[in-house]
């Protein structure tokens, strides 16, 4: 079973938005009251989706930036602990890779 990540969901949402935009362009020449209502509703939904994508992207970027700052602060405060952790991770990875 594939694990769904927020990045995968964002990518899928971008594809849906792009497909909807293509559909709107393809039906641009169609006329009629019902078509116009559907196009208006689709355009509104697209605007909402684009705004949500932008907000989600900014939120993800801000979260990543904050996480980087937190790690950087911890490394600055405890440099030897950071060196020890990095050495331990390197040792474990070396052992795991050498078994292959």
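Key figures
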{"item": "Separation of the residue 16 and residue 96 label points, Cα + 7 Å toward Cβ, nm", "result": "3.4 nm"}
{"item": "Angle in degrees between helix 79-98 and the longest Cα principal axis of the chain, rounded to the nearest 10", "result": "80 degrees"}
{"item": "Degrees separating the helix 33-77 axis from the principal Cα axis of the chain, which is the longest one", "result": "10 degrees"}
{"item": "Rounded Å value of the spacing that divides the Cα centres of segment 53-100 and segment 1-52", "result": "37 Å"}
{"item": "Computed label-point distance, nm, for sites residue 86 and residue 53 using a 7 Å Cα→Cβ extension", "result": "3.8 nm"}
{"item": "Where labels lie 7 Å past Cα in the beta-carbon direction, separation of residue 64 and residue 44 in nm", "result": "3.4 nm"}
{"item": "The chain: angle of helix 6-26 to the longest principal axis, Cα-based, in degrees nearest 10", "result": "20 degrees"}
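All of the numbers you see were taken from the coordinates with simple rules; none came from a lab. Model, not experiment: these values are computed from the prediction. Cβ sites come from the backbone with ideal geometry, for glycine too, and all protein chains shown count toward neighbours.
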